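Every number here is computed from the coordinates shown, using simple stated rules; none is lab data. The structure presented is a predicted model; accordingly, all values stated were derived computationally and were not measured. With ideal geometry, Cβ positions are generated from the backbone for all residues, glycine too; neighbour counts draw on all protein chains shown.
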Amino acid sequence: MAKSAGFCFGVKRAVDMVYEQIDTGKKIYTYGPIIHNEEVVGELEKKGVTVMKELKELSQQEKGIVVIRSHGVDRKVYETIENSGHTVADATCPFVKKIHTIVQKQSSEGRRIIIIGNAGHPEVEAICGWCKSAPVVVESEEEARQFSANPGEKFCIVSQTTFNYNKFQDLVEIFREKGYDIVVVNTICNATEERQTEARQIAQKVDVMIVIGGTHSSNSRKLYEICKAECENTYFIQTLEDLHLELPESARSVGITAGASTPNNIIEEVQNYVRINF
């Protein structure tokens, strides 16, 4: 069982903030799912929390408290929510907030921002919205090698907090080889790096690996990719109900890890099931 499995600091802070707002008795909204875990979002909805998906809903809904998701939002969205008449509770992960500050400063000073991450991920979309000039999002080695710019252009490279650490280093090296004037800020949070390292080490030792995480969770998907590369019998599940193991007869050990948005009760259910049945 991975010691680092389950809620990271930023996710726990965000979920706790929503529960604190519920206690006020006011109408509570989150702008987008507070975290990428359907079970957690579902539990909050049962307690009356509504997920807003578009800005136009701000004027359509009863005034209340809008909690900004842990992934953050771009600057214009933030300002629109602030000016909407709703009260704002900002649950943006502090590590993500730090990236907003970095890209805002570096782009103001004339550096073009290169974000290493998944283009469609809400965290990356939010980071883009704090850049003063059009940023570039790069996810693959192919994209990095194809990238070209004017000789005198200056860049600042940052990363999505949950990106694969080794892959980030590889992509940065490709940009260094191009000879650009670049400032590199490794913004992968320590919890992500620790979680990925531990998952890799466990997957190397076991016969079967189980990764628990939300279907839309980027960091959980990356854990799956890392484990799959080390252990062929790696399974990605969201809850115990998804666990349909076909174990080889030679299986002697099972490893378990979980993404940063996976609540402890789900991890414990899977762990207990595995102990009883295998």
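Cβ neighbours within 10 Å, averaged per peptide: list 159-172, 99-112 in order, most packed at the top.
159-172, 99-112
Go through 12-21, 35-44 and give me the packing order, highest mean Cβ count within 10 Å leading.
35-44, 12-21
Given H placed 1.01 Å from N in the peptide plane, which residues other than close sequence neighbours of ILE256 have an amide H under 5 Å from its amide H?
ALA2, ILE210
222 nm [θ] for the chain, helices only, -39500 (n - 2.57) per DSSP H run of 4+, per residue, to 500?
-13000 deg cm²/dmol
Sorting check: for 133-146, 69-82, which peptide has the highest mean count of neighbouring beta carbons within 10 Å, and how do the rest follow?
My ranking of the peptides, most packed first, is 69-82, 133-146.
Taking the chain on its own, what percent of its Cα-Cα pair distances exceed 28 Å?
Value for the chain (Cα pairs over 28 Å): 42 percent.
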